[in-house]
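Only one structure is covered here, and it is reproduced in the block below.
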Amino acid sequence: MDYKGYNFEAWEIGGTLTSSQYERVIDILEEFKPKRICELGAGQSTIIFEKYIEKSKSDFFSIEHDENYSSSNSVMFQLVENTNITIGNNTYENTNKYDGFENWLIKQDKFDFVLIDGPYGYNANYDYTRIQLLSFIILDKISDKSVVICHDTERINMKSTLSEFEKYLLDKGFKYIKDIMKGDINGARELTIYNISL
C-alpha cells in the first residue's frame with residue numbers, strides 16, 4: 001500500500017494496526033516532524049519510520065528482542081518474561097521487560113516521538129503491559145512537545161499502564177491531549193495517541 005509516498009503492507013487482522021491507523025501515524029509524522037523517534041516493538045511501523053528518516057534525517061531507534069525483526073536502526077535487548085521491574089520508586093510485578101532498557105535510555109537525549117507496541121504481554125496473568133513506557137517520563141526523556149502512541153490500549157492491563165503514565169505526566173507538569181482511535185475491522189486493536197506539552 002502506498003500512502004503519501006510511504007509503502008507498507010497493512011495487516012487487517014487482530015493485534016496489528018489497520019491501514020487507517022498506519023495512515024494516522026504517517027499524518028502525525030508529516031505534520032509534527034519529530035527529530036528523535038523511539039519505537040518499542042518493531043514491525044510495519046519500523047518501515048514507516050525508516051522511510052520518514054530518509055527524508056528528515058531524524059534519529060530513530062527501534063527497540064526489539066527478536067532478531068527476526070532487526071534492522072539497521074535496531075537496538076536489541078533480551079526479553080525477560082513474567083518478572084518484576086522497578087521504575088522510579090515503584091516495583092511492578094508480573095510483567096515483561098527489555099532487560100537493560102533503562103540503562104540505555106538514561107544515556108539518550110530526549111525523544112519527541114515514541115511508539116509503544118512491545119514488549120508483549122496481554123493476558124490475565126500479566127498485571128502490567130508495556131510498563132517501561134513510564135521510564136520515558138521518570139528519566140526525563142520526553143521532550144517539551146512530543147507525541148506518544150500506544151497500541152492495544154483496549155486491554156484492561158494496558159489501561160492500568162496508561163493510568164500510571166498519565167499520573168506521571170501530570171506529576172512532571174506536562175499537559176496532554178489524548179485521542180483514542182478505535183480498531184475498525186476484524187478485531188483490530190485500539191490506538192491511543194497523546195499530544196504532550198510542557
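Listing for the model above:
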quantity: Selection count where residues are over 15 Å from the mean Cα position of the chain (by Cα) and modelled with pLDDT of 95 or more, scope region 144-162; calculated: 2
quantity: Set Tyr98, Tyr176, Tyr126, Tyr194: member being hydroxyl-bearing (Ser, Thr, Tyr), touching a helix residue (DSSP H, G or I) at 6+ places or on another chain (Cβ under 6 Å) and touching a residue at least 40 places away in the same chain (Cβ under 8 Å); calculated: Tyr126
quantity: Count of residues meeting criterion [touching a residue at least 24 places away in the same chain (Cβ under 8 Å) and within 17 Å of the chain's Cα centre (by Cα)] in region 74-86; calculated: 4
quantity: Residue match in region 67-78 (condition: surrounded by 15 or more Cβ atoms within 10 Å (Cβ to Cβ), modelled with pLDDT under 95 and not in a strand (DSSP E or B)); calculated: yes
quantity: Selected residue (only one of Glu39, Glu102 is surrounded by 16 or more Cβ atoms within 10 Å (Cβ to Cβ), touching a strand residue (DSSP E or B) at 6+ places or on another chain (Cβ under 7 Å) and either over 15 Å from Phe8 (Cβ atoms) or charged (D, E, K, R) (or both)); calculated: Glu39
quantity: Candidates Phe60, Phe49, Phe32 - the one that is touching a residue at least 12 places away in the same chain (Cβ under 8 Å) and more than 14 Å from the chain's Cα centre (by Cα); calculated: Phe32
quantity: Meets criteria (under 17 Å from Ile193 (Cβ atoms) and either over 13 Å from the mean Cα position of the chain (by Cα) or buried (at least 20 other Cβ atoms within 10 Å of the Cβ) (or both)) for Phe136; calculated: yes
quantity: Members of region 34-49 that are of a type outside the set (Lys, Arg) and farther than 27 Å from Val80 by Cα; calculated: Pro34, Ile48
quantity: Members of region 1-31 found to be among the charged types (D, E, K, R), at pLDDT below 90 and either surrounded by 11 or more Cβ atoms within 10 Å (Cβ to Cβ) or at positive phi (or both), listed by number; calculated: Glu12
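The values are calculated or read from the model by the stated rules, or taken from the named source; none is laboratory data. Computed from a predicted structure; not experimentally measured. No Cβ is skipped: glycine too gets one built from the backbone with ideal geometry, and neighbour counts run over all protein chains shown.
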